[in-house]
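What follows is one structure encoded as structure tokens, with my remarks underneath.
The values are calculated or read from the model by the stated rules, or taken from the named source; none is laboratory data. This is a predicted model, so every value here is computed, not measured. Using ideal geometry, Cβ is built from the backbone for each residue, glycine included, and neighbour counts are taken over all protein chains shown.
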Amino acid sequence: MSGFGAAAASGGAWNTLQVVTNKVLTVLSTIVLARLLTEEDYGLGNTALGVVAYVVVLSPLSIGDLLISRPALFAQRAAAASRVGLAVAAMSMVVILLLAWPMEHWRAAPGLGVAIAVAALRPMGEALVAPPLSRMRLALDYRRIAIIDGAVQALATLSGILLAWLGGGAIALVAPQVGSMLVRAIAYRRCESGTPGLLPPQPGQGRALVREFAPLALGQYVHNAVLVTEVLVLGLMASEVQAGIFAFAFMLASQLNVVLSFQVGVVMQPIFAHLNEDRERQRVAFLRAVRAMAALCIPAMLVQAAAGAPAFRLLFEPRWLESLPSFWWLSLGAAFFFACNPVISLLKAQLRSRAFLAWQGIHLLLSIVGCILIAPSGGATGIAMFSALAWSVSATCAVLLELGWSMRALARAVGIFIVPMIASSPAALALWWLGQPAPADATWDPWRDILLLVLGAPSAFVLSVMLTAKLMPSARTDLARMISGVFRRFARPPHAA
């Protein structure tokens, strides 16, 4: 395996290790929070975060994408980029704070203003995080990143439970996210001690960086807006309860995708940037990443959807069963969404801001129109069905952004999704059928649900991955290469890693 291939495998492994550990905590905390918070709390908390996503047009985190896109210029540009990020964050905070209580009054939703005001601190945390995190990612220092992120996220999870227990309501969902960003910034900056210093900003450098930063940030802004449009429209066009039902289902459905897909995208971006001078190697690396993730993510998402009924019955109160249909559809949508993360990482590394903006802009426009039409009558379930359909089309188009717009490329892109879907369907459908509720006059047997989750779901996943590898030899090769690289990396002595 090449140096960058080993780095990708190791980085993905370290990031995934910490995320898996924290997702276990997150699932446990979700079970607790579902008993301490109401549907309205979930609706208000996610509405507050959605407002921030819509207001922060130029995300300070995109400063990090700009620095990563040109590794050789990091020392010359980081100080000026940091100033730009802090200025953008300060302006964003002012605008959000001015909107907080008018939004509460307009929505007649007590507590929304305070939740938005707390969320207003997030852009400042992003501005402080971006430069030191970018330096560590360029150095492929994913072990320390994983340790910091894991510890901070664990504290955030526990603090959310404490706030909910103390009666914090929606604040229990918002404050930990904001606080974790600020703590990560402090930890990353402490890791910078002893590293080479940054060059002072040059006259006019800030304006030049803004011209590069704005297109990247606009693309990320539109992407963020796509992710929050559904819950915002539900809150505005239906009710906070429907928004909360959808937000709860989305939070559960997205957990595995974060573990399997998002972290690999984070790792691949600086590697794609290092390969900018060799586009053929870059394309090969991209295809390998997408195929390997397809062989894991699609079976995982279909099995997750199939296991939804026994999981909801076993872990959550009956009032949350209304989120189950949304969970099914959002899990199916996540089976396509996984491809978007490596595509976004590639486009950012290549500084293809216009392509990123056009792709996500079209998705956002269609999402807004579709959600406005569906939300009043379809509620959370209707929006979840629409979301799954939208991401299936959007993800296919995303892969075509790299493969090219031809019938051959279309067939290749569709094959990446369809083959694992076909391979995973038998086991997933069998698990779904076994997990259907008993007749109304029958007694619920929790042990049956436990067996389905402990034995049935893992067995269905393994069988699906094995069949996918059988039908998709290229994915089998990519998976074998990735797994062997991870084992070799962890087998090294600590000083050699």
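Annotations for the structure displayed:
- Among the conditions (1) part of a helix (DSSP H, G or I); (2) out of contact with any Leu (no Cβ under 6 Å at 6 or more places or on another chain), Pro110 misses just one, which is (1).
Residue-by-condition table, conditions (1) surrounded by fewer than 11 Cβ atoms within 10 Å (Cβ to Cβ); (2) modelled with pLDDT under 85; (3) in a loop (DSSP other than H, G, I, E, B):
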| residue | (1), (2), (3) |
| --- | --- |
| Ala442 | yes, yes, yes |
| Arg448 | no, no, no |
| Leu453 | no, no, no |
| Gly456 | no, no, no |
| Ser459 | no, no, no |
| Met466 | no, no, no |
| Thr477 | no, yes, no |
| His495 | yes, yes, no |
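- Test: residue in segment 407-422 that is β-branched (Val, Ile, Thr), assigned to a helix (DSSP H, G or I), touching a Lys or Arg at 6+ places or on another chain (Cβ under 7 Å) and farther than 26 Å from Ala309 by Cβ: yes
- First in segment 320-331 and free of Cβ contacts under 8 Å to residues at least 40 places away in the same chain, second anywhere and aromatic (Phe, Trp, Tyr) and part of a helix (DSSP H, G or I), Cβ under 8 Å, 6 or more apart: Leu321/Phe312
- The condition (being modelled with pLDDT of 90 or more, under 20 Å from the mean Cα position of the chain (by Cα) and over 30 Å from Leu451 (Cβ atoms)) is satisfied by just one residue among Ser392, Ser345: Ser392.
- Condition check for Asp141: free of Cβ contacts under 8 Å to residues at least 60 places away in the same chain, of a type in the set (Asp, Glu) and farther than 21 Å from Thr47 by Cα: yes
- Residue check for Ala358: at pLDDT 90 or above, surrounded by fewer than 20 Cβ atoms within 10 Å (Cβ to Cβ) and either in a helix (DSSP H, G or I) or of a type in the set (Lys, Arg) (or both): yes
- Residue check for Ala243: crowded, with 20+ Cβ neighbours inside 10 Å, over 26 Å from Ala127 (Cβ atoms) and at pLDDT below 85: no
- Test result for Phe327, more than 30 Å from Ala427 (Cβ to Cβ), in a helix (DSSP H, G or I) and not aliphatic (A, V, I, L, M): no
- Picking from residues in segment 110-151 that are touching a Lys or Arg at 6+ places or on another chain (Cβ under 8 Å) and either farther than 16 Å from Pro60 by Cβ or surrounded by fewer than 19 Cβ atoms within 10 Å (Cβ to Cβ) (or both), the one that is modelled with the highest pLDDT is Ile148.
- Of the residues making up segment 331-355, those that are of a type in the set (D, E, K, R) and crowded, with 24+ Cβ neighbours inside 10 Å number 1.
- Within segment 59-99, if we keep just the residues that are β-branched (Val, Ile, Thr) and within 24 Å of the chain's Cα centre (by Cα), the residue that is surrounded by the most Cβ atoms within 10 Å (Cβ to Cβ) turns out to be Ile63.
- Ser345, sole failed condition from (1) touching a Leu at 6+ places or on another chain (Cβ under 7 Å); (2) of a type in the set (S, T, N, Q); (3) under 23 Å from Val414 (Cβ atoms): (1)
- When Leu373, Leu431 are checked against the criterion of being crowded, with 22+ Cβ neighbours inside 10 Å, over 24 Å from Pro342 (Cα atoms) and at pLDDT 90 or above, a single residue qualifies: Leu431.
- Residue match in segment 90-105 (condition: part of a helix (DSSP H, G or I), more than 20 Å from Cys191 (Cβ to Cβ) and in contact with an Asp or Glu (Cβ under 6 Å, 6 or more places away or on another chain)): no
- Selection from segment 126-165 of residues that are more than 27 Å from Ala90 (Cα to Cα), in a helix (DSSP H, G or I) and of a type in the set (Gly, Ala, Ser): Ala146, Gly150, Ala151, Ala154, Ala164
- Filter pass, Ala130 being closer than 16 Å to Ser82 by Cα, in contact with an Asp or Glu (Cβ under 9 Å, 6 or more places away or on another chain) and not hydroxyl-bearing (Ser, Thr, Tyr): yes
- Pick from segment 376-401, criterion under 21 Å from Trp328 (Cα atoms) and β-branched (Val, Ile, Thr), ranking: surrounded by the fewest Cβ atoms within 10 Å (Cβ to Cβ): Val393
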